[in-house]
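Have a look at the structure below before the remarks.
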Amino acid sequence: MPLLTVKNLRTRFSTDRGTVRAVDGVSFELEEGEVMGLVGESGSGKSITAMSIMRLIKEPPGRIEADEITFDGVDLLALTPAQLRDYRARHISMIFQDPMRSLNPVLTIGRQLMETLQRHLRMSARDARRRSIELLEVVGIPRAEKRLDEYPHQFSGGMRQRVMIAIALSCNPRLLIADEATTALDVTIQAQIIDLIRRLRSEMGTAVIWISHDLGLVAGLCDKVSVMYAGRIVESGPVREVFYRPAHGYTLGLMNCTPRVDDIGHRLRPIEGMPPNLAEPMPLCPFLPRCEMAVAACRESKPRLETIAEGHVASCHANLSAYWRKEKVA
Amino acid sequence: MAFHDASTPVAVEPNYDSGFRMAMRQLLRNKAAAAGLFCLLLIVFLAVFAPWIIPYDPTQIALSSKLHGPSWEHWLGTDHFGRDVLARMAHGARVSLSVGLSTVAFAAAFGVPIGLLSGYVGGRLDNVLMRLMDAFLTFPPLLLGVAIVGLLGADLTTVTLALGIVQIPVLARVVRSATLVVREETYITATRALGAGSWRLVFQHVLRNILSPLVVQITIVFSAAIVAEASLSFLGLGVQPPTPSWGRDLAEARRFMVDAPWMFLAPTGFIIVSVMAINFMGDSLRDSLDPRSWVRRAVTSRETPRASADR
Amino acid sequence: MTQVVLLSAEGLTVSFPGRARPFAKPDVVRAVDGVDITIKRGQTLGLVGESGCGKSTTGYALLRLNKGTGRVMFDGVDLMLLPPEKLRSMRRRIQIIFQDAAASLDPRMTIGDLIAEALDLHKLHTGGSRQPRVRELLELVGIPQRFAERYPHELSGGQAQRIAICRALAVEPDLIICDEAVSALDVSIQAQILNLLQDLQQRLGLSFLFISHDLSVVRHISHEVAVMYLGKIVEQAPTSLLFENPRHPYTKALLSAVPVPDPDVEKARERIVLAGDLPNPANPPSGCRFRTRCPVAQSKCAETLPTLHEIEQRHSAACLFV
């Protein structure tokens, strides 16, 4: 049984411009210890997907519907708000792009770490403190004992993100959702955080949903990847499958417009136009107006998710096999 | 380069009217502001066209018809000299509005440059100018007015001068603090890099962008000046008889409060309505002057800023 | 092949008042410390480094938007010695675009007015040729004419950056400083802007100083690259030389940390993970500034300040061991 099952998740927002379908029928499964990348551009619905699973969307104006969201056999949609809070603290943790705003500036790091431990694991103050020091050491903060009594502003950006990860890990969650967790950090600091996530996964078996716009990070870190566009997953599969045999026009477009540090010379192929207005009905493929690969069938019917290979699905009418790196995938 | 819309087709283009029309339309969307504008226009109309639309001289004494209540001949009744109250109110509005306008003009003429200079240049100049303004602010405004009028004699110019001086530091401070914020904006750096000199930056860009708080403050100064003029006249320090003035008439009406309440209610009403009208407008002007608040009408649902044409 | 040097800065230094520790005595922070760079006509110099390394401050100093010292020769004139009026007309020839393009446009002016202002400032295309020129400029950056009546907040990120570029082009500059100009954009839009910049360079013979933290983008667009760390340039070389054969340990670490969108390449890469954070620039380490995080540092690194020296033709680095 998968750790997390999401079926047909739909999140809408009513605005004065009409109903915005921010997430429109997203489904996926995540196994214990698996790292899944969720990529797409801003407004594609990747963050809303994560927040909807955590039920962190304000309702109204938002509205979350799904056929199923089960975590470890428990139906998350049926939980009471209090139970849900407990779940969020103990089993599913989330870290965000901006660690400064997620930390309370007037409480010491230690207080914030210990609070979670005391409240949710019912630890004594002394145990909580000892465990907090351990946690800070795990995430690689030197002189942890001393730094426990410091305030968030005394930490650098990278260190703050480590503190956030320490708080997220404090109750040994089985699922960690990281939403653009390294986007605001410098590359050398980012590399440290990625290293840390890799270690956590191999040592503690934590499953991770890694939300990022950076294809490179996903390629290096994730087991599988889902590509989102206009609130839907348009392609998903094992990382090597999706990167070497992209089967959706948008996935291919993303790869063609991303500059690579190990590659020089060729001109980038931008994706022309802009993402669609999510308040509009979309009877056809949402990527059609920007797609270079479009075929006649694209103007007739909406493509459905179809299996390309084991675990690899995409919703695209076009045949992109000419662009595949066949030497990479048998 | 070919252009195609992400959400084709865009049926109707939004209207791109002039800034003034967009601002006006936005202003009138706010009901309180629209009501305020209407009242204010009515008072201005009365003041400007008083001699032609009201068949009475506000200073003509007619003891035979003194203390008459409101009637078809005298809509707001007559006072203890038989003068038409409406005519006096209309001519009083001329005094109030002109004192208000000249006070604003005087205070702005000094306060805005001082604030801009102080905020934009900063440093020692800022320190000197602001301490000077602080010194001004320590005087109770009405007392300062009384003192200046006492010193220079009571007439319209002196009253305006007195009220204007009091308001200079108020405007200067508002302008300065807004300038401090705008000065650090990227578009100021960008325009400087484009080759713009300080003069242009301050008067084209900074001034334009501090307009919202400035306009709000100006409406406050305007209504405060109307009230202050009424207060000074009430004390006998403002406009001298027989020139009609709301404050002066209010003072005289005290004696007839029971016998002729209309004499008292009319100036009170005019003062309250004009002050409220100006303040309502001020609040809404702040928003309506900002292009970011403008709603492009005739916009089909396909035309949202983000998902519009283009890349 | 020799190229004409358009701009060369020597010993460029920018200092700010700052403190080594909270509540310590105010001190001088050298955000940029003796930087030498050369930008050739029609070429792009990439300036990379992490946040706080002084790369943006360097860009501002070239425009004299902050108080820098040193020598900045631009087309034979030392910008640092120019009196204010001369500087203003010289600014026409060096332009800058910012990361937050929308914020660099006065929110109360229409796009058309913003572009016309640029022309106004330098008395270009006055009178009847004004409107056609504005139209021509908009077309150059691929923005439809009807946008002239819109306000900056009505633009998307990509459109705003096009308008900022358009405004810079209006004054016909020789050099455009791009300060993280594509960093805030989504990749698909980023690619559009990068291509636009390359097209404009080809058509108009522009030079760029491309300041960015994104090494992939810098590699893509630059002819030469300089790497900055804590106010100093640590390595400088033509792009392919620097990326294929980095010599300074910081450059090596930086390059190894950049993710590549290719799972097999990622798996095979040797990663140098640097320990610790950037030191406080108000209190930089003695000797080599990188030594506190450097994987190959030795005791002599604390004593000797390495200078930028040529290690092979056109490739220089500041490390005692190369």
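The strands (runs of 3 or more DSSP E) falling completely within segment C:209-322 that include 2 or more residues that are surrounded by fewer than 19 Cβ atoms within 10 Å (Cβ to Cβ) map to C:309-312.
Identify all residues within segment C:170-196 that are free of Cβ contacts under 8 Å to residues at least 40 places away in the same chain and away from every other protein chain (no Cβ under 11 Å); write none if there are none. Selection gives nothing.
Of the listed requirements (1) free of Cβ contacts under 8 Å to residues at least 12 places away in the same chain; (2) touching a helix residue (DSSP H, G or I) at 6+ places or on another chain (Cβ under 7 Å); (3) within 9 Å of chain A (Cβ to nearest Cβ), C:Pro246 misses just one: (3).
If you check A:Pro238, A:Pro281, which single one turns out to be surrounded by fewer than 23 Cβ atoms within 10 Å (Cβ to Cβ) and either under 23 Å from the mean Cα position of the chain (by Cα) or under 30 Å from A:Leu30 (Cβ atoms) (or both)?
Working: A:Pro281 fails: either under 23 Å from the mean Cα position of the chain (by Cα) or under 30 Å from A:Leu30 (Cβ atoms) (or both).
Within the list A:Pro238, A:Pro281, the selection yields A:Pro238.
Show the residue pairs that are 6+ apart or on different chains and have beta-carbon atoms under 6 Å apart, the first residue being within segment C:81-106 and within 7 Å of chain B (Cβ to nearest Cβ) and over 23 Å from C:Arg71 (Cα atoms), the second being assigned to a helix (DSSP H, G or I) and of a type in the set (A, V, I, L, M, F, W, C). Within 6 Å, the pairs are C:Ser104/B:Ala190; C:Ser104/C:Ala164; C:Leu105/C:Leu114.
When restricted to residues that are at the interface with chain C (Cβ under 7 Å from one of its Cβ atoms), surrounded by fewer than 20 Cβ atoms within 10 Å (Cβ to Cβ) and more than 17 Å from C:Thr110 (Cα to Cα), segment B:192-210 contains 1.
Out of A:Glu235, A:Glu272, A:Glu292, A:Glu327, report the one residue that is assigned to a loop (DSSP other than H, G, I, E, B) and away from chain C (no Cβ under 11 Å).
On the way: A:Glu235 fails: assigned to a loop (DSSP other than H, G, I, E, B); A:Glu272 fails: away from chain C (no Cβ under 11 Å); A:Glu327 fails: away from chain C (no Cβ under 11 Å).
Selected residue: A:Glu292, the only one of A:Glu235, A:Glu272, A:Glu292, A:Glu327 that is assigned to a loop (DSSP other than H, G, I, E, B) and away from chain C (no Cβ under 11 Å).
Only one of these is free of Cβ contacts under 8 Å to residues at least 60 places away in the same chain, surrounded by 17 or more Cβ atoms within 10 Å (Cβ to Cβ) and either away from chain A (no Cβ under 14 Å) or among the charged types (D, E, K, R) (or both): C:His153, C:His125. Name it. It would help to see each step written out before you state the result.
On the way: C:His153 fails: surrounded by 17 or more Cβ atoms within 10 Å (Cβ to Cβ).
One residue alone meets the criteria, C:His125.
Between a residue in segment B:100-113 that is touching a residue at least 12 places away in the same chain (Cβ under 8 Å) and any residue that is not hydrophobic (A, V, I, L, M, F, W, C), which pairs come within a Cβ distance under 6 Å, given they are 6 or more apart or on different chains? Every condition considered, the pairs that remain are B:Ser102/B:Thr160; B:Thr103/B:Thr160; B:Thr103/B:Gly164; B:Phe106/B:Gly164; B:Ala107/B:Gly164; B:Ala107/B:Gln167.
Against the criterion of being within 23 Å of A:Asn8 (Cβ to Cβ) and not aromatic (Phe, Trp, Tyr), A:Leu217 does not qualify.
Across segment A:116-132, the qualifying residues are those that are free of Cβ contacts under 8 Å to residues at least 12 places away in the same chain and part of a helix (DSSP H, G or I), and the one among them that is nearest to A:Arg90 (Cα to Cα) is A:Gln118.
Here A:Leu84, A:Leu121, A:Leu79 are screened, and the one residue that is touching a helix residue (DSSP H, G or I) at 6+ places or on another chain (Cβ under 9 Å), over 30 Å from A:Val239 (Cβ atoms), surrounded by 14 or more Cβ atoms within 10 Å (Cβ to Cβ) and in the same structural domain as A:Asp149 (by TED's automatic domain parsing) is A:Leu121.
Taking the numbered list (1) over 27 Å from C:Val217 (Cβ atoms); (2) in a loop (DSSP other than H, G, I, E, B); (3) touching a residue at least 60 places away in the same chain (Cβ under 8 Å); (4) more than 8 Å from every other protein chain (Cβ to nearest Cβ) in turn, A:Pro246 passes all entries but (1). Does C:Gly205 fit the bill of being surrounded by fewer than 21 Cβ atoms within 10 Å (Cβ to Cβ), more than 14 Å from chain A (Cβ to nearest Cβ), touching a residue at least 12 places away in the same chain (Cβ under 8 Å) and within 19 Å of the chain's Cα centre (by Cα)? Yes.
Restricting attention to segment A:10-30, and to residues there that are aliphatic (A, V, I, L, M) and within 13 Å of A:Ile57 (Cα to Cα), which single residue is nearest to the other protein chains (Cβ to nearest Cβ)? Before you say what the answer is, go through the steps one by one.
We begin by selecting, within segment A:10-30, every residue aliphatic (A, V, I, L, M); these are A:20, A:22-23, A:26, A:30.
Of the ones still in play, those that are also within 13 Å of A:Ile57 (Cα to Cα) are A:22-23.
Values: A:Ala22: 13, A:Val23: 17 Å.
Filtering first and then ranking leaves A:Ala22.
Taken over segment A:88-103, residues that are surrounded by 13 or more Cβ atoms within 10 Å (Cβ to Cβ) and either small (Gly, Ala, Ser) or out of contact with any strand residue (DSSP E or B) (no Cβ under 7 Å at 6 or more places or on another chain) (or both) amount to 9. Evaluated against (1) within 14 Å of another protein chain (Cβ to nearest Cβ); (2) in contact with a Lys or Arg (Cβ under 7 Å, 6 or more places away or on another chain), C:Gly59 falls short on exactly one condition, (2). May I ask you to verify whether A:Leu252 is within 21 Å of the chain's Cα centre (by Cα), farther than 17 Å from C:Ser216 by Cβ, in contact (Cβ under 8 Å) with a residue 40 or more places away in the chain and not in a loop (DSSP other than H, G, I, E, B)? Answer is yes for this residue.
Consider B:Leu163 carefully, then state whether it is in contact with a His (Cβ under 9 Å, 6 or more places away or on another chain) and either surrounded by 17 or more Cβ atoms within 10 Å (Cβ to Cβ) or not basic (Lys, Arg) (or both).
Details: in contact with a His (Cβ under 9 Å, 6 or more places away or on another chain): no; either surrounded by 17 or more Cβ atoms within 10 Å (Cβ to Cβ) or not basic (Lys, Arg) (or both): yes.
So B:Leu163 does not fit the description; no.
The residue that is farthest from C:Leu6 (Cα to Cα), counting only those in segment C:180-202 that are more than 16 Å from the chain's Cα centre (by Cα) and in a loop (DSSP other than H, G, I, E, B), is C:Asp186.
The values are calculated or read from the model by the stated rules, or taken from the named source; none is laboratory data. Being a predicted model, the structure only gives us computed values, none of them experimental. When we count neighbours, we look across all protein chains shown, and the Cβ atoms used for this are built from the backbone with ideal geometry, even at glycine.
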